[in-house]
1. Would you call Tyr67 closer than 29 Å to Val172 by Cα, under 21 Å from the mean Cα position of the chain (by Cα) and more than 16 Å from the ligand (Cβ to nearest atom)?
2. Which of the residues that make up segment 6-42 are polar (S, T, N, Q) and over 18 Å from Phe137 (Cβ atoms)?
3. Scan Ala119, Ala115 and give me the residue that is more than 27 Å from Val301 (Cα to Cα), in contact (Cβ under 8 Å) with a residue 24 or more places away in the chain and small (Gly, Ala, Ser).
4. Can you name every residue in segment 258-309 that is among the basic types (Lys, Arg) and either within 16 Å of the ligand (Cβ to nearest atom) or farther than 17 Å from Glu230 by Cα (or both)?
5. Test of understanding: among Leu254, Leu269, which residue is more than 29 Å from Trp51 (Cβ to Cβ) and in the same structural domain as Asn159 (by TED's automatic domain parsing)?
6. Just to be sure, is Asp80 in contact with a strand residue (DSSP E or B) (Cβ under 8 Å, 6 or more places away or on another chain), acidic (Asp, Glu) and within 24 Å of Ile161 (Cα to Cα)?
7. Quick check, is Ala281 under 19 Å from the mean Cα position of the chain (by Cα), of a type in the set (A, V, I, L, M, F, W, C) and part of a loop (DSSP other than H, G, I, E, B)?
8. Output the residues belonging to segment 275-321 that are in the same structural domain as Thr228 (by TED's automatic domain parsing), surrounded by 15 or more Cβ atoms within 10 Å (Cβ to Cβ) and aromatic (Phe, Trp, Tyr).
Amino acid sequence: MAKNKPSVNGNQQLHAFFQGAVVPMDEAKVSVTTHALHYGTAVFEGIRGNWNEEQGKMFIFRMREHYERLIRGCKILLLDIPYTAQQLCDITVDLVERNGHQTDIYIRPLAYKSAEVVANLKLQELASDFTLVTVPFGNYLGTDILKCCTSSWRRVDDNMIPTQIKSAGIYVNSMLAKTEATLAGFDEAIILNQDGHVSEGSGENVFMVAGGKLHTPSLEDNALPGITRETVLQLAQAELGLEVVERSIDRSELYLCDEVFLSGTAAHLTPVVELDRRLIADGEPGPVSMALQKLYFDIVVGRNPKYLHWCTSVTPRVVTV
Ligand code: PMP
């Protein structure tokens, strides 16, 4: 089987939620005339299920907040799906249980223009649908420390494509930046906005430690309101007593600060040790990054009772064949 087409989990056939029902993954297929395929008319989420081996349970991190962001995206793109955030959470728990993964997973909901219409740019006329898949998912960035470059691509502006939601089409921007960075031998791109301020990574928010405070670009600089970003902002204040500042950040500030790290569901919290071939401080992950990373890794796998309300635990249903 092709490596990027997972449809089995051990002996177990993976299922998808598709057209209102749970079906074997191989049956969840759309037509080549599907509108979203041609125009990127979809919004999606990336949610992590973190496997806790000792407890034999999957912990889904901040699922509700992900679905609230998906629903905000549906509103902007006139994607009419017949589910509330709570119903989407219930559908997800059911599918995760059923797929029976016993490893870290990525949960990928997608609300999309399902109309089989090739030439129509009027969102209000196009039928929508919702689908959901879960797949095993390990270390997204493939490394624990990052060497980044500043991308020659600029982050789209909110008045070009809304930047507060995860629309499929906007990821052309992210992919151009990520591809450029990785083809040039870097791990990830730091993308500036139209004004030349730091916006974010290709799929992560950016943080900087400087002057004893934690800084991150404000949402006005077209950063996605990341759920991990919000988690980090809360933890830095509540657990490390750090002052946090959301403001515009210049590229050269990143060169000269004490620590840089990226945050994202896929990327977790990952230190940046080099940017544009300049070491960040001494080129080693810094103490704030590591303290936040440790807190975060315990929380997402359900090991910190104080933050258990951020996790939804699911016990996999194992089917013996
Ligand atoms: N920015 C972009 C462009 C992203 O795709 C992501 C991943 N969703 C993030 C930031 C981080 O967001 P989150 O923490 O919600 O995963």
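1. Values: closer than 29 Å to Val172 by Cα: yes; under 21 Å from the mean Cα position of the chain (by Cα): yes; more than 16 Å from the ligand (Cβ to nearest atom): no.
For Tyr67, the condition - closer than 29 Å to Val172 by Cα, under 21 Å from the mean Cα position of the chain (by Cα) and more than 16 Å from the ligand (Cβ to nearest atom) - is not met.
2. From segment 6-42, those polar (S, T, N, Q) are 7, 9, 11-13, 19, 31, 33-34, 41; that's our starting set.
Residues satisfying the conditions are Asn11, Gln13, Gln19, Ser31, Thr33, Thr34, Thr41.
3. Numbers: Ala119 fails: in contact (Cβ under 8 Å) with a residue 24 or more places away in the chain.
Sole residue among the options that is more than 27 Å from Val301 (Cα to Cα), in contact (Cβ under 8 Å) with a residue 24 or more places away in the chain and small (Gly, Ala, Ser): Ala115.
4. Applying the first criterion (among the basic types (Lys, Arg)) to segment 258-309 yields 277-278, 294, 303, 306.
Across segment 258-309, the qualifying residues are Arg277, Arg278, Arg303.
5. Every option except Leu254 fails the conditions.
6. Values: in contact with a strand residue (DSSP E or B) (Cβ under 8 Å, 6 or more places away or on another chain): yes; acidic (Asp, Glu): yes; within 24 Å of Ile161 (Cα to Cα): yes.
Taking the combined requirement at face value, the residue satisfies it.
7. Values: under 19 Å from the mean Cα position of the chain (by Cα): no; of a type in the set (A, V, I, L, M, F, W, C): yes; part of a loop (DSSP other than H, G, I, E, B): yes.
No: the conditions fail for Ala281.
8. Answer for segment 275-321, where residues must be in the same structural domain as Thr228 (by TED's automatic domain parsing), surrounded by 15 or more Cβ atoms within 10 Å (Cβ to Cβ) and aromatic (Phe, Trp, Tyr): just Tyr296.
The values are calculated or read from the model by the stated rules, or taken from the named source; none is laboratory data. Since the structure is predicted, the reported quantities are computational estimates derived from the model, not experimental observations. FYI the Cβ positions are ideal-geometry reconstructions off the backbone, even for glycines, and counts take in every protein chain you see.
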